[in-house]
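Comments concern the structure below.
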Amino acid sequence: MRALRACRSRKGGGGKGKKAQKRQREPRFAFMTKSDIEHLDDGYRWRKYGQKPVKDSPFPRSYYRCTTASCGVKKRVERSSADPTIVVTTYEGQHNHSSPAGHQPRRQAPPR
DNA sequence: CGCGTTTGACCAGCGC
DNA sequence: GCGCTGGTCAAACGCG
């Protein structure tokens with residue numbers, strides 16, 4: 001709780017700076033992974049940029065973003081309300097860069 | 001030293 | 001017309 005944020009110099013554009021992404025033509029791929037860890041390294045680096053509680057779910061939802069340059073892929077991780085051991089990972093966008101060296105992603109073709 | 005993580009607050013659109 | 005929700009950003013701190 002960093003209360004008293006030294007004067008939020010935010011430009012004022014809270015969230016919807018642009019028109020609501022009316023056209024999210026980018027298909028969203030949702031994957032259900034049975035794992036108690038939400039930080040499964042799928043071969044890419046992710047940076048958490050937000051977290052909000054989800055109704056219908058006693059667990060909060062985490063928002064992740066690819067930190068790789070030229071890669072604006074977003075990923076949201078949410079826990080199943082029925083099976084806390086199930087993690088629902090939704091990928092938004094596609095990676096247009098090779099996986100980070102040293103990190104050999106599991107050649108697991110997504111079910112799409 | 002750099003990176004990643006965490007929290008609060010803000011804005012716009014929609015529903016009734 | 002008003003209220004509410006969802007989604008995103010920024011800053012600061014800690015650790016290796």
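The values are calculated or read from the model by the stated rules, or taken from the named source; none is laboratory data. Here the structure is a predicted model, which is why all the values come from computation and not from measurement. Every residue, glycine among them, receives a Cβ derived from its backbone with ideal geometry; neighbour counts consider all protein chains shown.
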Exercise for the section: Looking only at segment A:34-48, decide whether some residue is loosely packed, with under 12 Cβ neighbours inside 10 Å and at pLDDT 85 or above. Expected result: yes
Fill in the blank from the handout: When segment A:32-63 is checked residue by residue, the ones that are within 16 Å of DNA strand C (Cβ to nearest atom), in a loop (DSSP other than H, G, I, E, B) and over 13 Å from the mean Cα position of the chain (by Cα) are A:Val54, A:Lys55, A:Asp56, A:Ser57, A:Pro58, A:Phe59
Practice task
Look at A:Ser70 and say whether it is part of a loop (DSSP other than H, G, I, E, B) and modelled with pLDDT of 80 or more.
Solution key: no
